[in-house]
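Beneath this line is the structure, given in structure tokens, with notes to follow.
The values are calculated or read from the model by the stated rules, or taken from the named source; none is laboratory data. Keep in mind the model is a prediction, meaning the values are calculated, not measured. All Cβ positions, even for glycine, are placed from backbone atoms using ideal geometry, and neighbour counts span all protein chains on display. With ligands, DNA and RNA removed, areas are computed over all heavy atoms of the protein, side chains included. Shrake-Rupley method; radii C 1.70, N 1.55, O 1.52, S 1.80 Å.
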Amino acid sequence: QTRQLYVASQSVGLYSLHILSNSDNIAVGFGNGKFNLHNVRTCKRSFTAQASPENMPVTCIRDYSDGNGDRIIAGTADGHLKSFKFNEEEGMTETAGISLEHPIYSLDTSDNYHICTLSNRQIKVIDARTCEYIRDVGYISEDELCDDGEEIGHAQRCTCVKFHPDQKYTCVSGGWDRTVYVWDIRVERAAVREIKGPKICGDGIDIQGDKCLTASFFIENALQLWDLGSGQLIENIKYRDTTQEAEYLYACRFVGSQRVFAGGTGTMDAKLISRKTGAVEGVLYDTKPVHSVDYKNGFVAAGGVSCYVHVGDFSPNDAV
């Protein structure tokens, strides 16, 4: 079963989405500095919060739990990172925040940490409880006269960062420079590994066990599976139906151990694909580019430029 909700006008814009871990809600970020929570079953809006004091786009949203309950963390195009306490009875209350002074392109959370990529290519580690800065990952100088050879990290825009779900100090980042870096956030100026090839232009990295899934802005072979230990390509996962179509993917997710979910601008849709057979088991169609996808709790979701969010009921044993 699939359904769609029109969440914002074209003038406001949809910039991000994320299915919450411990409730039947999807968080959707907008161009006016706000984000809504919508029930994934009924599509009704339940709560709204303001993340940007300057009404700039909410570019990324994640959630996590600590000893005091569930939290939602949002990053904005004016550099604000804000944490909100959330429950179904009381809604959302802002609890902590930090200004990182540069637009935030991506964020993720681990047990005790947030990690953010900024417009100046820097990757910041933030304390999840206090929202205080801890350290940079890699080294990107703010000095325009710095020798590029001194820098450790992305040479062009870094659009995605993701924590390893089973290794709380390991994260993976990717961007326009066709390099995916594997980092240990405890080490300031060294990458554990580099994977050459993927051109990540959105939320195009996901991790499961020893495997990394990437969605690249390529005409073909845009959806790829990599071995995190060796950095070697495992397989290209076919996305387009014909050679007359381009892929140009922005975002991807693992769905269980045998399926992947991805979306982009080439065919303006999001597809659920079997890794075992290569068959497309479900499609969420749109009329404009899809830049955000997610999977959690038996739901797949996709959204983008059209300002529609498409939701499908799915378990790893079913097809949609």
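Listing for the model above:
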| read-out | value |
| --- | --- |
| Subset of the range 268-284 (residues that are polar (S, T, N, Q) and open to solvent by less than 30 Å² (accessible area, probe 1.4 Å)) | 274 |
| Complete set of residues in the range 222-240 that are in contact (Cβ under 8 Å) with a residue 24 or more places away in the chain, under 20 Å from residue 283 (Cα atoms) and open to solvent by 60 Å² or more (accessible area, probe 1.4 Å) | 238 |
| First in the range 81-110 and more than 26 Å from residue 169 (Cα to Cα), second anywhere and β-branched (Val, Ile, Thr) and open to solvent by 30 Å² or more (accessible area, probe 1.4 Å), Cβ under 9 Å, 6 or more apart | 91/48; 92/48 |
| Given (1) under 22 Å from residue 308 (Cα atoms); (2) surrounded by fewer than 17 Cβ atoms within 10 Å (Cβ to Cβ), number of the condition residue 23 does not satisfy | (2) |
| Pair list, Cβ < 9 Å and 6+ apart or interchain, from the range 118-129 residues that are part of a strand (DSSP E or B) to residues that are of a type in the set (Ser, Thr, Tyr) and open to solvent by less than 30 Å² (accessible area, probe 1.4 Å) | 123/117; 123/173; 123/181; 124/117 |
| The range 13-35 - residue that is touching a Pro at 6+ places or on another chain (Cβ under 9 Å) and in contact (Cβ under 8 Å) with a residue 40 or more places away in the chain and, of those, farthest from residue 301 (Cα to Cα) | 33 |
| Any hit, the range 72-89, residues being buried (at least 17 other Cβ atoms within 10 Å of the Cβ) and among the acidic types (Asp, Glu) | yes |
| Residues of the range 70-127 that turn out to be at negative phi, small (Gly, Ala, Ser) and within 18 Å of the chain's Cα centre (by Cα), as a count | 7 |
